[in-house]
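Below is one structure; the comments refer to it alone.
Read the figures in this text as sums done on the coordinates, not as results from a lab. Everything quoted here is computed from the prediction, not taken from an experiment. All Cβ positions, glycine included, derive from the backbone under ideal geometry; neighbour counts span all protein chains shown.
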DNA sequence: TCCATTGTTGATCGTATGATCAACAATGCT
DNA sequence: AGCATTGTTGATCATACGATCAACAATGGA
């Protein structure tokens, strides 16, 4: 009993404790949403008094904003790492569409959607949201520009187009947050639409039904 | 003084009072968001005790859900009324894209986005959200099917396509909630994408730079 | 061993929420 | 005028939030 229920938390150095708190906030956000990030909630998960969380994060709005950035930045970093391993712009764009639409990132999508709303009353969060949107747009724009340089894509304004594609992805994934069924060929439709927008060859961005060809 | 500051609210019949409360909730939602719908907040706007609001709306979740439905249903009704006045499917689809992307409905967009998040913890709201999404999809699907019948559009699955277009619109308008600049030709890009998706002629869905041709 | 440093606690304050309900008062019928 | 009906009040309860801070205790150097 004395080992399972700890009366007082083990004393740790600030960096370690701060990391624990950030990680707890991250988990809470992914499981229950950004608005579940609460002094008491985070404290309970770390196994620590609420005051300690407040000590490391003087205001909760900041913690929420930082947590949002942490989650999204990690995703961007991960995805763009995968992008780098692909041979050319067409493959990268196709991979992007397929990956982001796949449905395995609903938790991150929920965080995005909630951040859009919370940003109205949390200025720090709003700034982070804009920053991360810029990051995503930058990644996507890079792919489009590479495609243009390689002669595979054609568009006048890669930046604007990148925003457009991002918006479409956001809307469609947000939709899947509420309604799973209904849309059958989500990926296919989007790929077709984007092909038209970037002037790529028909089918060049379709998610390849690679690997498993059965059922 | 006795006329400006009323000590006790005028006695009204239930239907009238209920309508007042609904209207107040509607205004609050559009101005401050769905989460600002509060017993005391609504009561203050109506000029009434908080208990009275609770009397008419036994639980707040229900009021939030009803308010969402009211706002969105009104918009759908309004827009589909305008659609009926247009000559053909191409004009209707173009009008839809133009109207919904125009930026004059940011308040409604904010309500949508917040509803997606709040629906996670408000089951009644979640049901309403799904219902209104169905309504929108139904309107859009109707336009697409008409277009197919008229030989102007071509697609295998109008229902799925309608979902797709809706998702794109949602994402792009939500984006404009946070970031105004950045995208120049929002409407044009989207129109081009949709043209590709429905197999319509290039330019047939472009927002006509009608009326004012200067500057 | 003593003690200064510093990580940690938990109570406390002010505020806000939804919900409940006995008391009140306006209304209109008899 | 008297009275039952019913729309309305406002205090109250339980809960949850962010924030603050004096007190506490673990740690490691002197």
Crossing angle, helix A:14-32 versus chain A [Cα axis fit, 0-90 degrees, rounded to tens]: 60
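Can you list, largest first and rounded to whole Å, the semi-axes you get for region B:12-58 by taking the square root of 5 times each eigenvalue of its Cα gyration tensor? Display every interim value, and only then the final one.
Working: eigenvalues 56, 24, 14 Å².
After diagonalising the Cα gyration tensor, the semi-axes are 17, 11, 8 Å.
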Degrees separating the helix B:60-84 axis from the principal Cα axis of chain B, which is the longest one: 40
Whole-Å semi-axes of the ellipsoid equivalent to region A:16-112 (Cα gyration tensor, √5λ, descending): 33, 13, 9
Other-copy label distances relative to residue B:104, 7 angstrom Cα-Cβ extension, nm: 4.5
Distance histogram for the protein assembly as shown (every C-alpha pair counted, 20 angstrom bins, percent rounded to whole numbers): 23, 51, 23, 3, 0
Helix-only [θ]222 nm of chain B, DSSP H runs n ≥ 4, -39500 (n - 2.57) each, per residue, nearest 500: -22500 deg cm²/dmol
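Per residue, how big is the convex hull around the C-alpha atoms of chain B? Give it to me in cubic angstrom, could you?
171
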Between region B:47-119 and region B:129-162, the Cα center-to-center distance that results, in Å: 20
For residue A:9, label point 7 Å along C-beta direction: distances to other copies, nm: 4.5
Label point 7 Å beyond Cα along the C-beta direction, distances from residue A:32 to other copies (nm, shortest first): 2.5
At 0.890 mPa s and 25 °C, Stokes diffusion of region B:106-209 via Kirkwood alpha-carbon radius, µm² per second: 162
C-alpha long axis of helix B:158-178 to longest principal axis of chain B, angle in °: 60
Highest-fluctuation residue, B:178, B:194, B:64 considered, GNM on chain B with Cα pairs under 10 Å: B:178
